[in-house]
1. Can you pull out the residues in segment 264-323 that are over 15 Å from A214 (Cβ atoms), assigned to a loop (DSSP other than H, G, I, E, B) and within 20 Å of the chain's Cα centre (by Cα)?
2. State which residue is surrounded by the most Cβ atoms within 10 Å (Cβ to Cβ) when the search covers only segment 160-192 and only residues that are among the charged types (D, E, K, R) and outside any helix (DSSP H, G or I).
3. Which of (1) in contact with a strand residue (DSSP E or B) (Cβ under 8 Å, 6 or more places away or on another chain); (2) within 16 Å of the ligand (Cβ to nearest atom) is the odd one out, the single condition T273 does not satisfy?
4. If you go through segment 347-364 one residue at a time, do you hit one that is at pLDDT below 95 and within 30 Å of the chain's Cα centre (by Cα)?
5. Taking the stated definitions as given, is A17 within 15 Å of the ligand (Cβ to nearest atom) and crowded, with 18+ Cβ neighbours inside 10 Å?
6. Report whether or not L29 is of a type in the set (A, V, I, L, M, F, W, C) and within 10 Å of the ligand (Cβ to nearest atom).
7. Is it the case that some residue within segment 85-103 is more than 20 Å from the chain's Cα centre (by Cα), more than 29 Å from A269 (Cα to Cα) and outside the structural domain of T326 (by TED's automatic domain parsing)?
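The values are calculated or read from the model by the stated rules, or taken from the named source; none is laboratory data. Here the structure is a predicted model, which is why all the values come from computation and not from measurement. Reconstructed Cβ throughout: ideal geometry from the backbone, glycine too, with neighbour counts over all protein chains shown.
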Amino acid sequence: MNITMIGTGYVGLVSGACFSEFGWNVTCLDRDADKIAALEDGQIPIYEPGLEPLVARNVKAGRLHFTTELKTAVRHADAVFLAVGTPSDPHGRADLSFIHAAADELADALEGFTVIVTKSTVPVGTGREIARRIRARRPELDFEIASNPEFLREGAAVEDFLRPDRVILGVEGERAAELLQTLYRPLALLQKPMVITGLETAEVIKYAANAFLATKITFINEIADLCEKVGGNVQDVARGMGLDGRIGPKFLHAGPGFGGSCFPKDTRALVQTGQDAGAQQHIVEAVVAVNEARKAAMADKVAEACGGALSGKTIGLLGVTFKPNTDDVRESTALDLVPALQQAGATVQAFDPVGMDNAKPLLPDVAWQEDAYATLEGADALVLLTEWNEFRGLDLARVKHLLAQPVVVDLRNVYTPQEMNAAGLDYYSVGRPPMR
Ligand code: NAD
């Protein structure tokens with residue numbers, strides 16, 4: 001079976017490498033010639049645990065190829081996956097220009113029967129629109145359209161692709177259904193469910209799933225605010241809730257608001273889709289608004305910990321990626337928090353294990369440091385923003401010694417108030433009483 005991935009980013013590269021691991025012959029295509037040249041040179045353009053050996057192994061076995069040449073990449077393809085970006089447009093809708101451009105290029109290049117699959121997250125109706133565009137350009141072309149949304153998480157992407165909770169296949173015709181089931185057959189041993197639906201349903205499933213997870217996070221964040229006011233402990237509340245099998249413990253970690261390359265844009269897009277369709281998504285609208293306000297409020301939280309004002313203060317920031325184990329900083333809370341701190345008069349010095357290269361152009365006035373401890377030197381407060389493993393076991397005596405003021409703002413609730421207090425540090429976290 002020959003598969004082509006159009007778009008070799010976080011999703012396209014991981015999916016392509018994993019399909020080749022299943023034994024299929026995969027070509028990953030991107031229009032970014034530097035990215036393809038790097039991959040051909042054995043370099044992985046993103047940070048994703050486990051990806052490098054997976055790519056190397058399958059390239060060596062002759063099952064994984066990289067190219068910028070569309071015509072040769074799709075000529076013998078049984079299935080072509082669209083894995084290009086679908087960022088927000090200025091109104092919050094999904095910008096489908098990459099998808100449409102790729103579909104048009106594909107229409108001009110295809111030969112013989114092909115299944116065209118959207119792996120990108122696309123609003124409901126997009127699959128049908130792609131089919132219409134392709135038919136308009138090439139009325140004689142034999143193809144079927146399908147939707148196979150991706151649920152992998154950055155930072156655990158390889159594992160998620162190889163062991164998914166489920167595979168969603170939105171199909172129109174028999175041939176696409178059969179081909180996609182064959183493609184994913186290697187997962188049969190794991191007994192992972194395949195949900196086979198129509199195109200529209202598959203497209204809605206992806207947005208509904210992401211919006212639900214974003215809602216869960218936002219819900220516990222508001223409960224954390226309540227805990228702060230009334231003297232509760234949100235971690236105990238989350239545990240007490242999550243042990244209920246109907247609720248479950250995941251995505252109940254209070255924090256600084258969700259960021260990343262998916263939840264913010266996908267919740268905004270779902271809001272727009274609902275409005276366009278005349279089925280307003282009130283809950284998701286509230287989630288978007290509450291989360292935006294929360295991200296904006298984090299600088300005030302830091303100011304409060306610093307005695308009310310940030311002017312002239314130095315903040316030592318640990319972590320700028322939107323979560324650990326990725327170099328992705330798209331819509332990371334750091335992109336809201338750092339400028340807000342600076343605007344309030346603070347100087348920010350920061351460190352992230354792998355995210356600094358991506359963050360530097362977006363956060364130009366930060367003093368970037370070599371490691372966590374250098375970041376704390378002379379700072380009036382330590383702000384822990386991303387819970388990388390290496391920030392979970394800091395030597396607290398050293399932290400106290402390095403800081404100019406013994407103030408820690410832990411926006412991920414990594415530490416306990418007791419251990420911080422024992423180390424002589426004033427400790428502010430999320431949804432738990434401060435310890436001074
Ligand atoms: P990305 O920006 O990392 O990768 C997209 C790639 O597509 C880029 O390398 C770009 O150069 C390439 N591209 C754009 N137009 C092209 C064209 N016409 N021909 C060839 N290449 C082209 O994006 P991503 O994070 O991999 O996300 C891709 C899609 O998958 C999005 O719709 C996203 O919502 C969805 N998704 C992402 C994740 C995630 O965790 N990143 C998870 C699930 C779903």
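1. Within segment 264-323, G319, V320, T321 meet the criteria.
2. Within segment 160-192, the subset among the charged types (D, E, K, R) is 160, 163, 165-166, 172, 174-175, 178, 185, 192.
The next check asks that each one be outside any helix (DSSP H, G or I); those that pass are 163, 165-166, 172, 192.
On the way: R163: 11, D165: 9, R166: 13, E172: 17, K192: 13.
So, considering only residues that are among the charged types (D, E, K, R) and outside any helix (DSSP H, G or I), the one surrounded by the most Cβ atoms within 10 Å (Cβ to Cβ) is E172.
3. (1)
4. Within segment 347-364, one or more residues are at pLDDT below 95 and within 30 Å of the chain's Cα centre (by Cα).
5. Details: within 15 Å of the ligand (Cβ to nearest atom): yes; crowded, with 18+ Cβ neighbours inside 10 Å: yes.
Answer is yes for this residue.
6. Details: of a type in the set (A, V, I, L, M, F, W, C): yes; within 10 Å of the ligand (Cβ to nearest atom): yes.
Taking the combined requirement at face value, the residue satisfies it.
7. No, because not a single residue in segment 85-103 is more than 20 Å from the chain's Cα centre (by Cα), more than 29 Å from A269 (Cα to Cα) and outside the structural domain of T326 (by TED's automatic domain parsing).
So that you can scan it fast, the table gives a plain yes or no per residue for (1) more than 16 Å from the ligand (Cβ to nearest atom); (2) surrounded by fewer than 20 Cβ atoms within 10 Å (Cβ to Cβ):
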{"residue": "C262", "(1), (2)": "no, no"}
{"residue": "A293", "(1), (2)": "yes, yes"}
{"residue": "A297", "(1), (2)": "yes, yes"}
{"residue": "A305", "(1), (2)": "yes, no"}
{"residue": "T321", "(1), (2)": "no, no"}
{"residue": "G345", "(1), (2)": "yes, yes"}
